[in-house]
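The values are calculated or read from the model by the stated rules, or taken from the named source; none is laboratory data. Only a predicted model underlies this, so the values are computations on that prediction, with no experimental measurement involved. Heads up, the Cβs are rebuilt from the backbone with ideal geometry, glycines too, and the neighbour counts pull from every protein chain shown. Surface accessibility is based on the protein's heavy atoms, side chains included, excluding ligands, DNA and RNA. Shrake-Rupley method; radii C 1.70, N 1.55, O 1.52, S 1.80 Å.
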Amino acid sequence: MKEISSDGNVSTVDVTYPGMPIFLYLDPQRLGLLLAPLLDYAENGGWPKDYAEHDLGSHYPDAAGHNDGQEEDMPVEESANMLIMTAGYLARLTAADAKTFAAAHYPILKRWADYLVGNALDPGLQNQTDDFTGWIAHSVNLALKGIVGVGAMSRIISTAAQNAADATHYLSTARDYIGQWATMGQDGAHLRLAYDQPNTWSQKYNGYPDQLLGLGLISSTVADHEAAWYLAHRNQYGVPLDLRHSYTKTDWELWTAAWQHRNAAIRDALITDVYNFANTTPNRVPFTDWYDTLSGRQQGFQARPVIGGVFALLTLPR
């Protein structure tokens, strides 16, 4: 898959990840086909690092990889993305097929999960999928993704019928981390952008895979406080990604709506705002995933695979 309207990478993990809902909803086998080369490259293709790769090649369609390790590293981001996507895919296979797939890729998935155990709770200065906002240390949202990734590993182990003690270890670690995360990230009645940045906030769209996988890590209290904060900081066309800019991401807004699917007020507000943006924006281009919540104008990007993220609500149990 091409990273359209940005740098043209091949099979970018953090482009596949936000687009994941459309594949889970319409054709899970397509997601399996996208995961296969990403797993194979890390297992057999010469990828040299202990965390997941960012992509399969710098220039589509040349999937030459990065055997020298020189790429746009996003260690916590991509490792958690791969674990979450794999767990979501396995849940939509027959028990026999899921067991075969999970067992075949167990070693590399465990390597990435162990990286997250060591680095997810408080990520150092790292790049992440919203790279246009810059690198960030102690990111609360990135930590959430990593913690959910650890929890996802417990689902993968159970599916693969591997060591039950390992499954218990990863799930208990995720539960321990999420408690620390909620305390470390708290800023009054909401969560911060970064642990060390008081009086800040951001959309915690990485709560969606917690609902998708049925992990139940994030407490309803934390979710309700975040929902109230988003409603209070909603602009005409949506909730900004964070306090630093008035722009947002279309895919992430619908991921947040899916995370908050039991809270009709914020869920429906986010859906309505994205619809109103798409219906009234003066920029008549293929559906953008990056726009300004005040002006309703396209900020950048268009026709990208990440728009598959607007299907997030449809992937949850009715």
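Below is a table of values for the structure above.
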| read-out | value |
| --- | --- |
| The chain, relative contact order [Cα under 8 Å, separation at least 6], % | 18 percent |
| Along each principal axis, Cα extent of the range 59-115, largest first, Å | 38, 28, 17 |
| Whole-percent carbon and sulfur share, accessible surface of the chain, 1.4 Å | 51 percent |
| Separation of the SER172 and THR100 label points, Cα + 7 Å toward Cβ, nm | 3.4 nm |
| Cα Rg, Dmax, the range 10-136, angstrom units | 14.2, 43 |
| Inter-site label distance for ASP40 and TYR25 at 7 Å from Cα along Cβ, in nm | 2.9 nm |
| Sequence-separation-based contact order of the range 176-318, relative, with Cα cut under 8 Å and 6+ spacing, percent | 22 percent |
| Diffusion coefficient, µm² s⁻¹, Stokes-Einstein with Kirkwood Rh over alpha-carbon pairs of the range 166-243 at 20 °C and 1.002 mPa s | 159 µm²/s |
| Surface accessible to a 1.4 Å probe, per residue, for the residues of the chain, Å² | 38 Å² |
| Principal axis dimensions, largest first and in whole angstrom, of the range 137-203 by Cα | 45, 18, 16 |
| Stretch gain in nm, segment ARG234-ASP114, where the contour uses 0.36 nm per residue and the Cα spacing is subtracted | 39.4 nm |
| Cα convex hull of the range 64-191 - mean projected area over all directions, nm² | 9.2 nm² |
| Under the Debye formula (equal points on every Cα, no solvent term), log10 I(q)/I(0) of the range 240-318 at q = 0.15 Å⁻¹ | -0.49 |
| Length-normalised contact order for the range 129-253 - Cα pairs under 8 Å, 6+ apart - percent | 24 percent |
| Normalised convex hull volume, the chain, alpha-carbon set, Å³ per residue | 118 Å³ |
| Charge sum, other residues only, whose C-beta stays under 15 Å from GLY296's C-beta, Lys/Arg counted +1 and Asp/Glu -1 | 0 |
| Whole-percent pair-distance distribution, where bins are 5 Å wide, for the alpha carbons of the range 208-263 | 4, 18, 28, 26, 15, 7, 1 |
| Of every Cα-Cα pair in the range 176-318, the percent that sits beyond 25 Å | 26 percent |
| For peptides 67-80, 137-150, 220-233, sequence by mean Cβ density within 10 Å, most packed first | 137-150, 67-80, 220-233 |
| Alpha-carbon Rg with Dmax, taken over the range 87-146, Å | 15.1, 43 |
| Lysine pair count for the chain [Cα-Cα under 22 Å; pairs on different chains or 8 or more apart] | 8 |
| Residues ALA278 and GLN186, FRET efficiency given R0 of 30 Å [Cβ-Cβ distance, rounded to 0.05] | 0.30 |
| Order by protection proxy (mean Cβ within 10 Å, highest first), peptides 301-309, 276-284 | 301-309, 276-284 |
